[in-house]
C-alpha cells in the first residue's frame with residue numbers, strides 16, 4: 001500500500017512539473033508575440049525585446065535628432081552648410097518598426113524557421129533608409145552654393161589717356177546645380193548621418209565668349225554725334241556731365257540689348273543729379289535730373305549713324321531746341337526709355353564725354369559697311385505745324401492788381417517723320433521711314449494779380465426791415481473765375497498733308513496721354 005502511494009505521488013509530481021513547464025513555455029511564447037525578437041537592430045538602434053510602441057518612440061527620437069545633423073558642401077575653397085531638416089529629411093518609421101516586429105513571425109513555416117535560425121547565429125540589422133525633398137535640395141544648391149560662382153568675363157574695352165585699351169578676358173567657375181543636387185542625394189542615401197557629412201560640389205569651367213584677340217579689330221568709329229548745351233544753366237550742365245559719365249565705357253556684345261534709362265536712373269541727388277527744367281504734363285517744371293534727355297537724344301543720333309537696331313524710342317511731349325523734330329529721344333524713370341540692340345557680328349563700345357559745353361557720343365566697332373561708295377543721311381520732315389492757341393491766364397488774388405508775368409512761353413506743336421536715305425555711288429537706293437513723332441502745342445501761361453475785396457459794413461436789423469436787400473451782380477464779384485484773355489488770332493495750321501497711318505495715330509495718342517516727367 002505504501003509503495004502504491006509513493007508511485008502515485010511521483011506520478012502526480014511529474015504531471016505537475018510537466019504542466020508548470022508547459023505553462024511557462026506558453027507564457028514565454030505569449031510574451032514573444034508582443035515584442036520584437038532579440039538581436040534585431042534598426043540602423044544602430046537595438047530594438048530587440050522592445051514592444052512596438054517603445055521601439056517607435058526610440059526610432060522617432062533618433063530621427064528627430066538626425067534632422068539637426070550638418071551637411072557641408074564644398075564649393076572649390078568655400079564651405080556651405082545646412083542640415084538634414086532643412087533639406088526636407090523624412091523617414092517612414094512605421095515601415096521599419098513593422099519590419100522588425102514581424103521578423104521571424106510572419107510568412108510560411110520555412111521562412112519563420114530560417115529567420116529564427118539566423119537570429120540564433122547573428123544579429124539582424126535593418127538598414128535605416130530615409131528620403132530628402134528634391135526641390136529643397138535643389139533650391140539650397142541654387143541659392144546658397146551658386147553665390148560662389150565666378151562668372152567668365154568677356155574681353156572689354158576701356159579708355160586710358162585718350163587711347164582704347166583692351167582688357168583681357170577671364171575664365172570662370174560655376175557650379176552644376178543639377179549634378180550637385182543628385183550627388184548630395186546619392187551620398188546621403190548611401191551613408192547614415194552621424195556627426196555630419198561633406199559633399200564636394202561639381203564645378204565646371206566657364207569660358208568667355210569674346211576674347212581680346214577679337215576686340216583688337218573693333219576700333220572703327222561706326223557713328224558719332226554731338227549737341228551743344230552752351231545756353232544751359234550750371235545745374236542742367238552738371239546733369240549732362242553726369243549722364244555722360246554713367247553712359248561712358250560700356251561694351252555691348254552681338255545680340256545684346258542696351259537700356260539707356262537703366263544706366264541713368266535713379267534721378268536723385270545721390271546719383272549725381274541737380275534740379276533743373278523738365279517737361280511734365282505739357283508744362284516746364286523743376287525736376288532732379290532735368291536735361292538728361294539731351295544725352296539720350298545725342299546718343300540716339302549716334303546710333304542712327306552707326307545703323308544700330310533701335311528697339312524702343314519715344315519723342316518728347318513738346319518740341320526741343322537742340323535737334324530737329326523726330327530726331328529726339330525722351331527718357332522718363334519707369335516710363336520712357338531708349339533701347340538699342342547690337343545688330344552687328346562684333347562687340348561695340350560706347351564712348352560718351354563732354355567738352356566745351358557740348359556732349360559727344362561715339363560708337364566703336366568693326367566697320368563692315370562700304371563707306372567708300374555708300375552714304376547714309378537722315379532727314380526730318382515736318383508734316384504739320386500746330387500753333388499754340390489762346391493764352392492761359394491764372395488770376396492769383398494773393399498778388400497785387402496790375403501784376404502780370406509770363407510763367408511759361410508758348411510751344412508750337414508738330415507732326416513729323418524721320419527718313420533714312422541711302423545713296424550708293426551718288427544715286428539714292430532707298431528711303432525708309434525711321435519714326436513718327438507728335439509734339440503737343442502748349443499756349444503761353446500768364447499769371448495776373450487781382451484787386452482786393454473791400455469788406456462791406458454790417459447791416460443792422462432795423463436797416464434790414466426798411467430796405468430790401470440788393471441783388472448781387474454775379475459778374476462784378478471779386479471772387480469770380482479766373483479771366484482768360486483771348487488771342488488776337490485763331491490758331492493757324494500749316495497746309496502740310498495730314499498723316500493718317502494707324503501706327504502714327506497710335507504714336508500721337510501715346511504722346512497726348514503721357515503725363516510723366518521727361519528730363520528735357
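Here, each number is a calculation from the coordinates, and none is a lab measurement. If you're wondering where the values come from, they're calculated on a predicted model, not measured in any experiment. Here the Cβ is made from the backbone with ideal geometry for all residues, glycine too, and neighbour counts use every protein chain on show.
Here are some notes:
- Cα shape, the range 254-295, gyration tensor, a/c 1.5 rule: oblate
- Two-site FRET efficiency, residue 250 against residue 60, from Cβ-Cβ distance with R₀ of 51 Å, rounded to 0.05: 0.30
- In this structure, residue 368 and residue 147 have a Cβ-Cβ separation that, at R0 = 35 Å, corresponds to a calculated FRET efficiency of about 0.30.
- Anisotropy class of the range 161-254 from Cα gyration tensor, a/c 1.5 cut: prolate
- Sites residue 268 and residue 387, calculated FRET efficiency, Cβ-Cβ separation with R0 45 Å, nearest 0.05: 0.75
- The range 150-214 shape via C-alpha gyration tensor axes, a/c threshold 1.5: prolate
- In nm, spacing of pseudo-spin labels at residue 33 and residue 285 (7 Å Cα→C-beta vector): 8.9
- Packing rank of 330-337, 152-159, where each peptide gets the mean count of other beta carbons within 10 Å, highest leading: 330-337, 152-159
- In terms of surrounding Cβ atoms within a 10 Å radius of their Cβ, 517, 429 rank from fewest to most as 429, 517.
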